[in-house]
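For reference, the structure discussed in these notes is given below.
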Amino acid sequence: MTLKGFEAYSPAIQRELERLGFTEATPIQEAAFQPIMEGLNVLLLAPTGSGKTEAAVLPVFEAYLRLRGKGWNPPGIKILYITPLRALNRDLLERLEWWCEKLGVKVAVRHGDTEVSERSKQAKSPPDMLITTPETVQAIIPGKRLRENLKSVRYVIIDEVHE
(Lines give C-alpha, C1' and ligand atoms only; values in the text may rest on other atoms or scores of the structure.)
Protein backbone atom coordinates (compact mmCIF):
# COMPACT_ATOMS: atom_id res chain seq x y z
CA MET A 1 0.00 0.00 0.00
CA THR A 2 1.29 3.49 -0.82
CA LEU A 3 1.02 5.99 1.98
CA LYS A 4 0.56 9.34 0.24
CA GLY A 5 2.26 12.14 2.15
CA PHE A 6 4.01 9.79 4.59
CA GLU A 7 6.85 8.75 2.26
CA ALA A 8 9.54 10.55 4.29
CA TYR A 9 8.79 8.60 7.44
CA SER A 10 10.81 5.60 8.55
CA PRO A 11 9.54 2.09 7.84
CA ALA A 12 8.59 1.71 11.53
CA ILE A 13 6.21 4.67 11.43
CA GLN A 14 4.88 3.75 7.98
CA ARG A 15 4.15 0.21 9.19
CA GLU A 16 2.08 1.54 12.10
CA LEU A 17 0.25 4.02 9.87
CA GLU A 18 -0.70 1.12 7.61
CA ARG A 19 -1.92 -0.91 10.60
CA LEU A 20 -4.10 2.01 11.61
CA GLY A 21 -5.54 2.22 8.11
CA PHE A 22 -4.05 5.58 7.19
CA THR A 23 -3.58 5.82 3.44
CA GLU A 24 -3.05 9.55 2.99
CA ALA A 25 -1.73 12.36 5.14
CA THR A 26 -4.13 15.17 5.92
CA PRO A 27 -3.13 18.63 4.66
CA ILE A 28 -1.92 19.69 8.13
CA GLN A 29 0.11 16.49 8.49
CA GLU A 30 1.73 17.02 5.12
CA ALA A 31 2.46 20.71 5.77
CA ALA A 32 3.95 20.14 9.25
CA PHE A 33 6.50 17.43 8.44
CA GLN A 34 9.31 19.39 6.80
CA PRO A 35 9.46 22.42 9.10
CA ILE A 36 9.33 20.23 12.21
CA MET A 37 12.04 17.95 10.83
CA GLU A 38 14.16 21.06 10.14
CA GLY A 39 13.84 21.98 13.82
CA LEU A 40 11.73 25.06 13.23
CA ASN A 41 9.17 26.32 15.70
CA VAL A 42 5.78 25.52 14.22
CA LEU A 43 2.26 26.59 15.15
CA LEU A 44 -0.38 24.21 13.82
CA LEU A 45 -3.89 25.57 13.38
CA ALA A 46 -6.55 23.30 11.98
CA PRO A 47 -10.08 22.14 12.80
CA THR A 48 -10.80 19.40 15.30
CA GLY A 49 -10.41 15.99 13.71
CA SER A 50 -7.92 17.16 11.07
CA GLY A 51 -5.01 15.14 12.46
CA LYS A 52 -3.17 17.87 14.36
CA THR A 53 -1.90 15.55 17.09
CA GLU A 54 -0.24 13.21 14.60
CA ALA A 55 0.91 16.22 12.56
CA ALA A 56 2.85 17.37 15.61
CA VAL A 57 4.03 14.13 17.18
CA LEU A 58 4.92 11.96 14.18
CA PRO A 59 7.64 14.30 12.85
CA VAL A 60 8.97 14.66 16.40
CA PHE A 61 9.07 10.89 16.81
CA GLU A 62 10.72 10.57 13.39
CA ALA A 63 13.38 13.15 14.26
CA TYR A 64 14.01 11.57 17.66
CA LEU A 65 14.25 8.06 16.20
CA ARG A 66 16.71 9.26 13.56
CA LEU A 67 18.91 10.89 16.19
CA ARG A 68 18.68 7.85 18.45
CA GLY A 69 19.66 5.70 15.48
CA LYS A 70 22.80 7.80 15.15
CA GLY A 71 23.66 7.17 18.81
CA TRP A 72 22.12 10.28 20.36
CA ASN A 73 20.28 9.18 23.47
CA PRO A 74 21.41 11.19 26.50
CA PRO A 75 19.84 10.42 29.86
CA GLY A 76 16.77 12.48 30.64
CA ILE A 77 13.60 13.59 28.95
CA LYS A 78 13.91 14.30 25.22
CA ILE A 79 10.29 15.13 24.30
CA LEU A 80 8.07 17.31 26.47
CA TYR A 81 4.35 17.29 25.61
CA ILE A 82 2.49 20.00 27.49
CA THR A 83 -1.29 20.04 27.50
CA PRO A 84 -3.99 21.36 29.83
CA LEU A 85 -5.34 18.66 32.12
CA ARG A 86 -8.76 19.06 30.47
CA ALA A 87 -7.23 18.22 27.11
CA LEU A 88 -5.36 15.22 28.49
CA ASN A 89 -8.31 12.97 27.83
CA ARG A 90 -8.22 9.22 27.55
CA ASP A 91 -8.19 9.26 23.74
CA LEU A 92 -5.16 11.55 23.50
CA LEU A 93 -3.26 9.69 26.19
CA GLU A 94 -4.02 6.27 24.69
CA ARG A 95 -2.94 7.44 21.23
CA LEU A 96 0.36 8.86 22.48
CA GLU A 97 1.06 5.78 24.62
CA TRP A 98 0.20 3.54 21.65
CA TRP A 99 2.64 5.34 19.35
CA CYS A 100 5.36 5.31 22.01
CA GLU A 101 4.94 1.60 22.64
CA LYS A 102 5.11 0.78 18.92
CA LEU A 103 8.17 2.97 18.36
CA GLY A 104 10.09 2.00 21.50
CA VAL A 105 9.80 5.44 23.08
CA LYS A 106 9.51 5.36 26.88
CA VAL A 107 6.64 7.62 27.97
CA ALA A 108 5.21 8.81 31.29
CA VAL A 109 2.48 11.18 32.42
CA ARG A 110 2.95 13.74 35.17
CA HIS A 111 0.26 15.96 36.66
CA GLY A 112 -0.94 17.08 40.07
CA ASP A 113 -2.52 13.71 40.88
CA THR A 114 0.52 11.59 39.97
CA GLU A 115 1.37 9.32 42.88
CA VAL A 116 4.55 9.98 44.84
CA SER A 117 5.98 6.57 43.88
CA GLU A 118 5.49 7.35 40.16
CA ARG A 119 7.05 10.82 40.60
CA SER A 120 10.08 9.24 42.23
CA LYS A 121 10.34 6.66 39.45
CA GLN A 122 10.22 9.42 36.80
CA ALA A 123 12.93 11.39 38.57
CA LYS A 124 15.25 8.38 38.92
CA SER A 125 14.56 6.82 35.52
CA PRO A 126 13.14 9.54 33.27
CA PRO A 127 11.05 8.66 30.24
CA ASP A 128 12.03 9.70 26.72
CA MET A 129 8.71 11.58 26.51
CA LEU A 130 6.95 13.28 29.40
CA ILE A 131 3.32 14.27 28.99
CA THR A 132 2.44 16.95 31.49
CA THR A 133 0.48 20.12 32.21
CA PRO A 134 1.64 23.75 32.31
CA GLU A 135 1.11 23.84 36.08
CA THR A 136 3.18 20.70 36.59
CA VAL A 137 6.05 22.02 34.46
CA GLN A 138 6.09 25.06 36.72
CA ALA A 139 6.12 22.80 39.78
CA ILE A 140 8.88 20.41 38.61
CA ILE A 141 11.40 22.96 37.35
CA PRO A 142 12.63 23.80 40.87
CA GLY A 143 13.23 20.10 41.64
CA LYS A 144 16.94 19.35 41.28
CA ARG A 145 16.69 15.88 39.74
CA LEU A 146 13.85 16.62 37.30
CA ARG A 147 15.42 19.94 36.33
CA GLU A 148 18.56 17.94 35.49
CA ASN A 149 16.44 15.49 33.45
CA LEU A 150 14.90 18.39 31.52
CA LYS A 151 18.33 19.44 30.19
CA SER A 152 18.00 16.76 27.49
CA VAL A 153 14.72 18.14 26.11
CA ARG A 154 15.07 18.67 22.39
CA TYR A 155 11.39 18.75 21.37
CA VAL A 156 8.48 20.57 23.03
CA ILE A 157 4.90 20.18 21.92
CA ILE A 158 2.39 22.55 23.46
CA ASP A 159 -1.15 21.37 22.86
CA GLU A 160 -4.23 23.54 23.19
CA VAL A 161 -2.33 26.85 23.19
CA HIS A 162 -5.59 28.76 23.57
CA GLU A 163 -6.12 27.13 26.98
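In terms of the Cα gyration tensor, with a ≥ b ≥ c the square roots of its eigenvalues, is segment 54-163 rounded because a/c is under 1.5, prolate because a/b exceeds b/c, or oblate? Before the final figure, lay out each step's value.
On the way: a/c = 1.56, a/b = 1.10, b/c = 1.42.
Oblate is the answer for segment 54-163, as a/c is 1.5 or above yet b/c matches or exceeds a/b.
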*Kindly express, to the nearest 10 degrees and within the range 0 to 90, the angle between helix 27-37's C-alpha long axis and the longest C-alpha principal axis of the chain.*
60 degrees
*Amide H to amide H under 5 Å from Ile157: which residues, 5+ apart in sequence or cross-chain, H placed 1.01 Å off N in plane?*
Leu80, Tyr81, Ile82
*asked:* Need the list of lysines near Lys121 for cross-linking: C-alpha distance under 17 angstrom, and skip anything on the same chain fewer than eight residues off.
replied: Lys78, Lys106, Lys144
*Between Glu94 and Lys144, what is the label-to-label distance in nm when each label sits 7 Å out along the Cα-to-Cβ direction?*
4.2 nm
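Can you put Met129, Met37 in order of accessible area, largest first, using a 1.4 Å probe? Kindly include the intermediate steps, with their values, before the conclusion.
Working: Met129 0, Met37 45 Å².
I get Met37, Met129, largest accessible area first.
Suppose R0 equals 22 Å. What FRET efficiency, 1/(1 + (r/R0)^6) with r the Cβ-Cβ distance, do Ala31 and Leu67 give to the nearest 0.05?
Values: r = 23 Å, r/R0 = 1.03.
About 0.45, to the nearest 0.05.
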*Note the angle between two axes, namely the Cα long axis of helix 52-69 and the longest principal axis of the Cα atoms of the chain, as a number of degrees from 0 to 90, rounded to the nearest 10.*
80 degrees
*Note the angle between two axes, namely the Cα long axis of helix 11-20 and the longest principal axis of the Cα atoms of the chain, as a number of degrees from 0 to 90, rounded to the nearest 10.*
80 degrees
*Mind giving me the nanometre distance, one decimal, between the label points for Glu101 and Leu20, set 7 Å out from Cα along Cα→Cβ?*
1.4 nm
*For Lys144, what charge total do you get from the other residues with a beta carbon under 15 Å from its beta carbon, if Lys and Arg give +1 and Asp and Glu give -1?*
+4
*Distance-filtered residues of segment 71-100 - backbone nitrogen under 13 Å, label point 7 angstrom along Ile158 Cα→Cβ*: 81-84
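The values are calculated or read from the model by the stated rules, or taken from the named source; none is laboratory data. The model shown is predicted, which means the values in this text are computed figures rather than measured ones. With ideal geometry, Cβ positions are generated from the backbone for all residues, glycine too; neighbour counts draw on all protein chains shown. Heads up: the accessible areas ignore ligands, DNA and RNA and are worked out on the full protein's heavy atoms, side chains in. Shrake-Rupley method; radii C 1.70, N 1.55, O 1.52, S 1.80 Å.
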